[in-house]
1. For the structure I just gave you, tell me whether residue 298 is of a type in the set (Lys, Arg) and touching a residue at least 40 places away in the same chain (Cβ under 8 Å).
2. Pull up region 184-242, narrow it to residues that are of a type in the set (Ser, Thr, Tyr) and over 18 Å from residue 153 (Cα atoms), then point me to the one that is surrounded by the fewest Cβ atoms within 10 Å (Cβ to Cβ).
3. I need every pair where a residue in region 317-346 that is in contact (Cβ under 8 Å) with a residue 40 or more places away in the chain has its Cβ under 8 Å from the Cβ of a residue that is in a strand (DSSP E or B) and acidic (Asp, Glu), sequence separation at least 6 or different chains.
4. What residue, of 332, 342, is over 29 Å from the mean Cα position of the chain (by Cα) and at pLDDT below 90?
5. In this structure, does residue 255 turn out to be among the hydroxyl-bearing types (Ser, Thr, Tyr), modelled with pLDDT under 80 and surrounded by fewer than 18 Cβ atoms within 10 Å (Cβ to Cβ)?
6. Of the numbered conditions (1) part of a loop (DSSP other than H, G, I, E, B); (2) touching a strand residue (DSSP E or B) at 6+ places or on another chain (Cβ under 9 Å), residue 64 satisfies every one except a single condition; which is it?
7. Can residue 353 be described as touching an Asp or Glu at 6+ places or on another chain (Cβ under 7 Å), at pLDDT below 90 and either closer than 22 Å to residue 253 by Cα or not assigned by TED's automatic domain parsing to the domain that holds residue 212 (or both)?
8. For a quick check of your reading: which helices (runs of 4 or more DSSP H) sit entirely within region 216-317 and have at least 1 residues that are outside the structural domain of residue 346 (by TED's automatic domain parsing)?
Amino acid sequence: MPVSGRHQRRALDSDGIPVITTTGLTKVYRSRGREVTALDGVDLHVREGEVYGVVGQSGAGKSTLIRCVNLLERPTSGTVTVAGQDLTALAGRGQRANAALRQARSRIGMVFQHFNLLSSRTVQANVELPLEILGVSGKERGRKALELLDLVGLADKAKAYPTQLSGGQKQRVGIARALAGDPKVLLSDESTSALDPETTRSILTLLRDLNRQLGLTVLLITHEMEVVKTICDSAALMKGGRVVESGTVSELLATPGSELAAELFPVGGEPSGPGRTVVDVTFHGEAATQPVISQLSRTYNIDISILGAAMDTVAGKQVGRMRIELPGRFEENVVPIGFLREQGLQVDVADVRTAHDTASADAILKDGAQ
């Protein structure tokens, strides 16, 4: 159901207004005379109305980053700006949140991995909790909680207790609670990692629907590439406390050598023998529906082996990657590879072993295109 006072989500463009910005964000933990750097100069820009995914392995710094965005963790240095407010300036020197920071946090919803529901409270009372803290009257709290439970599909569970709910239902309660303060920003900390695949899909669909219906900006962290593939407009890859790659999903898929693109659409396959050229081809947009490989085979009268392929829908667009093998060495295939690039495809030569060889291959292809 629509929520009053909200608007439909605007279409995104590359010049969208940043709603979440971190600049030079650093977090150093000190324990027993040792220092551990969890965040190392992180710059992040999340545009208004988008779903932005931060992905990486355990220990990459993802959870620390998202907790620094709402200052549940105080950064060691750097700044965090959310909806035009510098939260690091509001925080002051003490460890306890002051009134100004608490007010700013009320406009940032947070969804946790393990739900964090109070077992002694009903579902409705759990959703009402942040409204109690904000001093909202009992009647208004009840009305708003029921409205939010309806929004997440749990209108009939208001009087139930958390122990009576499935994992997916508990997470829906957590999402409803996160929306109680009418936030502009929703933070999701591994919110689907404790759920089975079918429930995960339903929660991701709900998050995307809320993003569109309420105009929410969603920042989520995950170690699951399927989450990024399913709902994210943009993404960042973290390693060792740093953002090593970021951009819109479409940009990343079109970037040569993108680690995120390779993770989103992993394709494997080894050459069938020596003297062969292995090429990774990324299809997106209209090119994804064109018979480009068969055209290449007919045009140059060559036999092409498909070593691996993956096709899916990302951000509403069909995208795919394919690993193919061409007969002959790379130098003999400059023209066929150039043909693929002329069709609007992203082409990476997969069997080039070193950075020097990769640069040489790119130079040859550019010369061949001129």
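The values are calculated or read from the model by the stated rules, or taken from the named source; none is laboratory data. Just so it is clear, the structure is predicted and the values come from calculations on it, not from any experiment. Cβ placement follows ideal geometry from the backbone for every residue including glycine, while neighbour counts extend to all protein chains displayed.
1. Spelling it out, it is not the case that residue 298 is of a type in the set (Lys, Arg) and touching a residue at least 40 places away in the same chain (Cβ under 8 Å).
2. Filtering region 184-242 for residues that are of a type in the set (Ser, Thr, Tyr) and over 18 Å from residue 153 (Cα atoms), the one surrounded by the fewest Cβ atoms within 10 Å (Cβ to Cβ) comes out as 193.
3. 319/312; 320/312; 321/280; 322/280; 323/280
4. 342
5. Details: among the hydroxyl-bearing types (Ser, Thr, Tyr): yes; modelled with pLDDT under 80: yes; surrounded by fewer than 18 Cβ atoms within 10 Å (Cβ to Cβ): yes.
Yes: the conditions hold for residue 255.
6. Among (1) part of a loop (DSSP other than H, G, I, E, B); (2) touching a strand residue (DSSP E or B) at 6+ places or on another chain (Cβ under 9 Å), residue 64 violates only (1).
7. no
8. 225-231, 249-253, 259-264
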